[in-house]
Amino acid sequence: MTADDLPIRIRPEIAALPPYRQGKQAGPESFKLSSNENPFEPLPSVVDALRAADGVNRYPDATASRLRHRLAERFGVLPDEVHVGAGSVSILSQLLLAAAGPGDEVVYAWRSFEAYPGLVLIAGATPIEVPLTSNGRHDLTAMAAAVTDRTRAVIVCSPNNPTGPIVTQAEFDALLAELPPDVLVILDEAYAEFVTDPEAVDGLRTLGLDGRPNVVALRTFSKAYGLAGLRVGYAVGHRRILDAARSTAIPLSVTAHSEEAALASLDAESELIERVRVIAERRDRLVAGLRAQGWRVPEAQGNFVWLATGEETSAAAERFEEAGLIVRPFAGDGVRISVGEPEAVDKVLSIAASVVEDLPEDHPGRKLA
Ligand SMILES: *Cc1c(COP(=O)(O)O)cnc(C)c1O
């Protein structure tokens with residue numbers, strides 16, 4: 001037996017998964033633009049709330065009820081229609097475990113969030129990946145057509161990570177009308193706060209829980225609120241669906257510190273909204289600059305941009321990294337770059353200008369002249 005052989009039996013679909021490798025950590029000289037984190041320091045009031053939270057010898061409140069009540073009030077729903085998890089990814093996992101098992105299918109767009117294929121396989125279900133359109137958008141007509149009687153869930157990511165475009169409310173409503181009403185629809189809105197397109201789907205404002213009992217909206221404090229390191233996200237949806245997610249959750253994984261920081265962030269909403277506005281403006285400046293250089297950049301509505309570098313992806317990522325910019329390459333497909341500090345945006349623009357010049361004239365990452 002070599003060190004690479006499995007010493008025990010592992011479910012084959014799990015053994016076949018690539019082990020999780022985090023995006024590169026940035027050295028002191030470089031900008032980390034690989035995980036869509038918020039470049040701002042935590043707010044002083046959030047740091048104070050963390051300092052004040054004591055009692056780490058005690059388990060946290062299992063259902064984060066203060067935060068649930070607070071979010072419920074804010075969105076005009078009942079506290080049981082909100083579920084808090086250690087990051088919205090953990091809620092996604094809970095919902096998939098609850099809804100889909102061996103023999104079942106889960107439909108989502110591809111390329112989309114890297115976590116989807118693994119979480120579907122871990123649940124024992126079969127991923128059904130529906131290609132994005134050439135401009136990085138969900139093809140909801142094709143997604144509806146991919147639904148069969150084995151489909152237990154459909155995941156919609158708006159804005160789509162890593163390409164950037166939103167799904168419109170009209171497209172989303174049309175999808176719901178096509179789907180059997182007992183199929184769970186997970187609307188992953190991790191970047192909702194950065195959206196400036198008024199046509200975008202808004203799970204919380206418009207879904208009205210009565211009319212759409214099969215839809216669950218997922219949101220997070222990781223991105224716009226800048227709490228990625230604390231792991232706290234939430235779902236809003238039908239109480240009975242969220243009960244199923246509560247059943248598959250690992251108990252007590254949302255810490256008291258996460259809950260306090262999330263509450264303090266909701267108290268500081270206006271400051272955070274101002275930061276989000278600044279990031280969205282930086283994003284728009286970045287996109288405009290890239291397009292002016294000749295890049296074909298899909299609509300960017302999150303806190304990141306997508307360069308469709310195709311076969312040139314690894315080489316392009318290296319060029320950024322040599323310049324101290326840690327970006328997220330998806331081999332053979334493209335590079336996702338988070339909107340970071342203003343100096344980082346300038347640096348991205350200067351490296352991107354030289355990368356696009358070296359792409360062949362007919363490269364798909366280039367705007368057709
Ligand atoms: C970042 C992200 C999440 C959420 O992450 P958590 O930190 O687990 O809340 C969920 N979905 C998408 C598409 C993301 O990019």
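Can you confirm whether the range 2-21 contains a residue that is over 30 Å from VAL278 (Cα atoms), within 19 Å of the chain's Cα centre (by Cα) and at pLDDT below 90? Give the steps one after another, and end with the answer.
Kept after step one, since they are over 30 Å from VAL278 (Cα atoms), are these residues of the range 2-21: 2-21.
Now drop any that are not within 19 Å of the chain's Cα centre (by Cα), which leaves 20-21.
Subsequent filtering for residues that are at pLDDT below 90 retains 20-21.
Yes.
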(Q) Exactly one condition in (1) surrounded by 18 or more Cβ atoms within 10 Å (Cβ to Cβ); (2) of a type in the set (S, T, N, Q); (3) within 16 Å of the ligand (Cβ to nearest atom) is false for GLN22; which is it? (A) (1)
Q: Please find, among SER258, SER338, the residue that is within 17 Å of PRO159 (Cβ to Cβ) and either within 16 Å of the ligand (Cβ to nearest atom) or basic (Lys, Arg) (or both).
A: SER338
Q | Of the criteria (1) outside any loop (DSSP other than H, G, I, E, B); (2) away from the ligand (no atom under 15 Å from the Cβ); (3) touching a residue at least 24 places away in the same chain (Cβ under 8 Å); (4) in the same structural domain as ASP104 (by TED's automatic domain parsing), which one ARG212 fails | A | (1)
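Test SER253 against the criterion of being in contact (Cβ under 8 Å) with a residue 40 or more places away in the chain and either under 25 Å from SER112 (Cβ atoms) or among the charged types (D, E, K, R) (or both), and give yes or no.
Numbers: in contact (Cβ under 8 Å) with a residue 40 or more places away in the chain: yes; either under 25 Å from SER112 (Cβ atoms) or among the charged types (D, E, K, R) (or both): yes.
Taking the combined requirement at face value, the residue satisfies it.
So, restricting to helices (runs of 4 or more DSSP H) that lie completely within the range 100-205, which ones have at least 1 residues that are charged (D, E, K, R)?
Values: elements: 115-122, 140-145, 169-178.
In the range 100-205, 169-178 are the helices (runs of 4 or more DSSP H) which contain 1 or more residues that are charged (D, E, K, R).
Looking at ARG111, ARG74 in this structure, which one is within 23 Å of the chain's Cα centre (by Cα), of a type in the set (D, E, K, R) and within 16 Å of the ligand (Cβ to nearest atom)?
Details: ARG74 fails: within 16 Å of the ligand (Cβ to nearest atom).
Among ARG111, ARG74, only ARG111 is within 23 Å of the chain's Cα centre (by Cα), of a type in the set (D, E, K, R) and within 16 Å of the ligand (Cβ to nearest atom).
The values are calculated or read from the model by the stated rules, or taken from the named source; none is laboratory data. What you see is a predicted model; the values in this text were computed from it and never measured. Note: ideal-geometry Cβ built from the backbone for every residue, glycine included; neighbour counts use all protein chains shown.
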